[in-house]
1. On the basis of being open to solvent by less than 70 Å² (accessible area, probe 1.4 Å), under 26 Å from B:Phe178 (Cβ atoms) and away from every other protein chain (no Cβ under 14 Å), does B:Ile52 make the cut?
2. Does B:Arg74 satisfy being open to solvent by 50 Å² or more (accessible area, probe 1.4 Å) and either aliphatic (A, V, I, L, M) or within 14 Å of chain A (Cβ to nearest Cβ) (or both)?
3. Give the residue, chosen from B:Arg236, B:Arg218, B:Arg213, that is surrounded by fewer than 19 Cβ atoms within 10 Å (Cβ to Cβ), modelled with pLDDT of 80 or more and in contact with a Ser or Thr (Cβ under 8 Å, 6 or more places away or on another chain).
4. Kindly indicate the residue of the stretch B:186-210 that is touching a Gly at 6+ places or on another chain (Cβ under 7 Å) and of a type in the set (S, T, N, Q) and also surrounded by the most Cβ atoms within 10 Å (Cβ to Cβ) among those meeting that condition.
5. Out of all the residues in the stretch B:1-41, which are open to solvent by less than 40 Å² (accessible area, probe 1.4 Å) and at pLDDT below 85?
6. Go through the stretch B:168-208 residue by residue and tally those that are over 11 Å from the mean Cα position of the chain (by Cα), under 23 Å from B:Pro43 (Cα atoms) and not in a helix (DSSP H, G or I).
7. Hey, which of the helices (runs of 4 or more DSSP H) in the stretch A:3-121, taking only ones fully inside, have at least 1 residues that are away from chain B (no Cβ under 13 Å) and open to solvent by less than 30 Å² (accessible area, probe 1.4 Å)?
8. So, in the stretch A:238-271, how many residues would count as being away from every other protein chain (no Cβ under 14 Å), outside any helix (DSSP H, G or I) and without any contact (Cβ under 8 Å) to a residue 40 or more places away in the chain?
Amino acid sequence: MRGMLSLAVITFKEGIRNRSLFGIALLALFLFGLNITVAGFFMRDIGKVTVDINLSALNFAGLLLIFFVGINLMAKDIDRKTIHLVLSKPLSRSQYICGKYFGIQFFITASLMLLMVFSCLTVALLLQLYPNYFDGFSWGIFFVATFFIFVKLWLLSAVVIFFSSLTSSSLITLIFSLATYVAGVTIEEVVFYLKTELAAQERIISESLKSFIEVISWVVPNFAAFDFTMEAAHGLAINTDRLMVSFGYGVLYSAILLLLASLIFSRREFN
Amino acid sequence: MLEICFSNISKAYDPGLFKKKVQAVSNLSFDVRQGEVFGLIGPNGAGKSTTIRMLLGLIRPDSGSILFRGRPLRETPIHRDIGYLPENPYLYDHLNLLELLTFCGRTSGLDAKAIFERGQGLMTKLNLLNAQKRPLRTFSKGMLQRAGICFALLHNPSIVVLDEPMSGLDPIGRKMVFDLVMELKGEGKTIFFCSHILNDVERLSDRIGLINRGRLVRLFEGTDFSRNDDKTVVLRISELDATQRHELQMMGGRLRQEGVELLLAVPEGSYYPINRYLEKQEIAVLGGRSEWVSLEEMFMGIVKEEAA
């Protein structure tokens with residue numbers, strides 16, 4: 001446990017001191033600034049656009065953090081053989097996997113918390129400037145939507161750990177993780193479309209393709225389940241059951257991925 | 001007592017699809033005794049690093065067994081007893097040495113006080129004290145190597161496994177590491193290391209294993225190789241019986257048969273008694289040799305012979 005926490009701490013430090021972090025933070029701050037500048041152009045939709053841009057900027061910054069910094073925090077250990085040194089200490093391979101995961105999770109959470117402060121300031125400023133155009137806006141729903149961005153990124157971190165445990169190259173991990181993310185975000189809509197009458201008229205969509213996509217939809221994590229942007233932007237109430245199911249789904253899926261990663265990693269050889 | 005025993009271990013790597021397996025280690029057997037310095041030498045690709053990685057559990061042998069203090073490796077938690085320095089240690093770029101050592105100490109179960117004391121001591125010995133708060137990415141290759149040695153030794157392991165410890169070090173760095181290894185040996189630690197710098201291996205080791213193409217070609221005992229002592233006189237002498245051999249060795253002489261020649265290396269402190277003994281026993285001195293054949297010459301000879 002002590003070893004795992006120590007590994008999480010150095011993983012966090014290694015991530016938080018990475019210079020790419022400043023670039024990503026600047027990009028997010030630029031998006032918040034842009035939001036303030038252009039908010040006036042959207043007339044009655046200022047509130048919706050503000051919430052939408054802020055949540056999207058947070059989400060985008062989180063993705064960049066994972067794909068540009070997070071992936072390297074584990075994959076580079078294997079790439080550069082730093083893992084030889086780490087595993088020569090009394091640290092089991094499962095502890096290594098969990099330590100790396102929690103380190104990446106701390107890093108993503110801390111970085112996004114900082115950006116969230118700026119995001120809240122942006123929203124608060126626009127709320128002050130255009131109070132009449134924020135009908136139905138609720139800080140509570142805004143924070144729920146933000147929290148689920150965190151949950152989504154934690155799950156994506158588990159995906160990164162899973163692929164890092166399989167491959168020896170950070171580039172391959174990046175490609176697989178990115179593909180999983182894109183599939184995970186869109187698969188729900190694809191499955192939904194396949195069930196419509198319009199899709200039934202399409203001759204090109206065979207039954208076997210439908211079955212294949214159905215299977216994929218069960219295997220690939222459904223990242224759309226964590227998207228509460230629309231509810232936050234329009235001030236719609238969120239069902240508690242949906243919150244619980246989404247959160248439980250994220251935690252369970254992450255746990256399964258980490259378990260699989262531990263199993264694969266414990267059998268792996270490091271030449 | 002045997003610390004580590006490699007028994008008929010073999011390992012082949014799969015280089016990829018449609019490619020033939022590469023036999024890295026083949027039926028390798030040797031042991032490392034408690035308190036000794038065991039040097040493993042061999043050309044590039046001979047299987048030295050593979051052997052070390054198998055010992056650390058980073059890779060598994062295809063066949064054979066590795067015993068650690070008489071027990072199979074898989075059943076024994078060895079990592080608390082072993083300190084390992086890999087060849088070219090890649091450390092975390094954005095951490096400083098103090099943080100790296102704290103991580104090392106905490107995973108090894110040391111408390112903060114012990115980490116501080118051991119860390120300061122090692123950093124002082126390896127001249128890294130002034131660089132302890134600098135990010136590791138700013139370290140030179142030699143400094144990284146020394147930082148890796150601190151990482152390996154922080155938890156005071158009883159067995160030290162070093163893969164090319166002198167690699168990338170300048171003469172001052174090499175001297176520091178040399179002195180440190182001698183100090184560790186003095187403390188009774190077992191040291192298992194591999195290196196290409198044969199001069200260092202020769203000076204440090206009690207026994208040396210030469211591996212080539214994954215096989216142990218020869219095991220040199222202490223008397224087989226010189227200690228790089230410039231004041232040693234090497235004589236060609238006539239045949240000896242077993243008693244004479246034993247008595248000459250007891251007086252500090254080292255014997256080696258090279259083809260038809262029997263060589264006797266006489267260290268500086270043994271000139272007089274050995275000379276008296278040779279006279280008394282009427283052992284003919286056939287001539288002198290300017291130097292004892294070095295480990296490097298033996299190494300080259302054996303490797304060329306193997307290649308032929």
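1. Details: open to solvent by less than 70 Å² (accessible area, probe 1.4 Å): yes; under 26 Å from B:Phe178 (Cβ atoms): yes; away from every other protein chain (no Cβ under 14 Å): no.
Spelling it out, it is not the case that B:Ile52 is open to solvent by less than 70 Å² (accessible area, probe 1.4 Å), under 26 Å from B:Phe178 (Cβ atoms) and away from every other protein chain (no Cβ under 14 Å).
2. On the way: open to solvent by 50 Å² or more (accessible area, probe 1.4 Å): yes; either aliphatic (A, V, I, L, M) or within 14 Å of chain A (Cβ to nearest Cβ) (or both): yes.
It is true that B:Arg74 is open to solvent by 50 Å² or more (accessible area, probe 1.4 Å) and either aliphatic (A, V, I, L, M) or within 14 Å of chain A (Cβ to nearest Cβ) (or both).
3. Details: B:Arg236 fails: in contact with a Ser or Thr (Cβ under 8 Å, 6 or more places away or on another chain); B:Arg218 fails: in contact with a Ser or Thr (Cβ under 8 Å, 6 or more places away or on another chain).
Within the list B:Arg236, B:Arg218, B:Arg213, the selection yields B:Arg213.
4. Out of the qualifying residues, it is B:Ser205.
5. If the condition is that a residue be open to solvent by less than 40 Å² (accessible area, probe 1.4 Å) and at pLDDT below 85, then B:Glu3, B:Gly16 are the ones that fit.
6. Qualifying residue count, the stretch B:168-208: 3.
7. On the way: elements: A:20-38, A:46-64, A:71-79, A:82-87.
Of the helices (runs of 4 or more DSSP H) lying wholly inside the stretch A:3-121, those with at least 1 residues that are away from chain B (no Cβ under 13 Å) and open to solvent by less than 30 Å² (accessible area, probe 1.4 Å) span A:20-38, A:46-64, A:71-79.
8. So in the stretch A:238-271, the residues away from every other protein chain (no Cβ under 14 Å) come out as A:238-264.
From what's left, outside any helix (DSSP H, G or I): A:238-239.
Filter once more, so that each one left must be without any contact (Cβ under 8 Å) to a residue 40 or more places away in the chain: A:239.
Adding up the residues that qualify gives 1.
The values are calculated or read from the model by the stated rules, or taken from the named source; none is laboratory data. These numbers come from a predicted model, not from an experiment. Note that each Cβ is placed from the backbone with ideal geometry, even for glycine, and that neighbours are counted across all protein chains shown. Surface areas here come from the heavy atoms of the whole protein model, side chains and all, with no ligands, DNA or RNA. Shrake-Rupley method; radii C 1.70, N 1.55, O 1.52, S 1.80 Å.
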